[in-house]
1. State the number of residues belonging to region 45-76 that are of a type outside the set (S, T, N, Q), surrounded by 18 or more Cβ atoms within 10 Å (Cβ to Cβ) and part of a helix (DSSP H, G or I).
2. Filter region 127-143 down to the residues that are buried (at least 18 other Cβ atoms within 10 Å of the Cβ) and out of contact with any helix residue (DSSP H, G or I) (no Cβ under 6 Å at 6 or more places or on another chain) and list them by number.
3. Is it the case, given these coordinates, that residue 173 is modelled with pLDDT of 90 or more, out of contact with any His (no Cβ under 6 Å at 6 or more places or on another chain), closer than 30 Å to residue 85 by Cβ and surrounded by 14 or more Cβ atoms within 10 Å (Cβ to Cβ)?
4. Quick one: in region 1-40, which of the residues that are in contact (Cβ under 8 Å) with a residue 60 or more places away in the chain and of a type in the set (Val, Ile, Thr) is surrounded by the fewest Cβ atoms within 10 Å (Cβ to Cβ)?
Amino acid sequence: MPNFSDIYADVNKPLHLDIGCARGRFLWQMAQVEPKWNFMGLEIREPLVIEANNWRDEQGVNNLHYLFCNVNVSLGKIFESLPTGILKRVSILFPDPWFKRRHQTRRVVQPKLVEDLANYLTVGGEVFLHSDIEEVANKMCDRFSEHSSFYRSSNDWLNENILPVLSEREKATNIKNQPVYRALFIKSEEPTPNLSEEEQK
């Protein structure tokens, strides 16, 4: 697992985590637009990660890294050495829909992922969810809404992308004049435990 101080020139910059980054071009553009942030892309297809890191090295970028992993298995290990309060933004953009019911356990947004993000994301941190398939978008939102550490910024889909860069998939979807379902979840203060009447006195 990565040592963050070996990856980034300044490990104390706020971190944006992109889950399912594919070829990483979205994060590459984000790293140019927001040089005061660090960016990490997670991807389960190793050849894409190797290609993305080689391309990043050719460009000499020091606030961007791509990592090969299964996020639902490895997220805790990845962030063992993460400085407290660094993870401030997460994006999950157009994940694989896995339409067949028997394959839906392979969808990236599972309860364990939401729990892990609740543990590592700083209070006030943001989770951006985008999909061009309404069923998938609704299911992702349900997972985050079910967790007490997250609240949705709006009951309606966001009309526009409020990130400074469009993903490659969103650009293609816009060209086809197809809808994009966007939602923003925010990490709230830690839930207050239920106290007995004696403890409340």
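The values are calculated or read from the model by the stated rules, or taken from the named source; none is laboratory data. Just so we're clear, the structure is a prediction, and the values are computed from it rather than from any experiment. Note: ideal-geometry Cβ built from the backbone for every residue, glycine included; neighbour counts use all protein chains shown.
1. Count: 5.
2. Within region 127-143, 127, 128, 130, 136, 137, 140, 141 meet the criteria.
3. no
4. Once the filter is applied, the top-ranked residue is 33.
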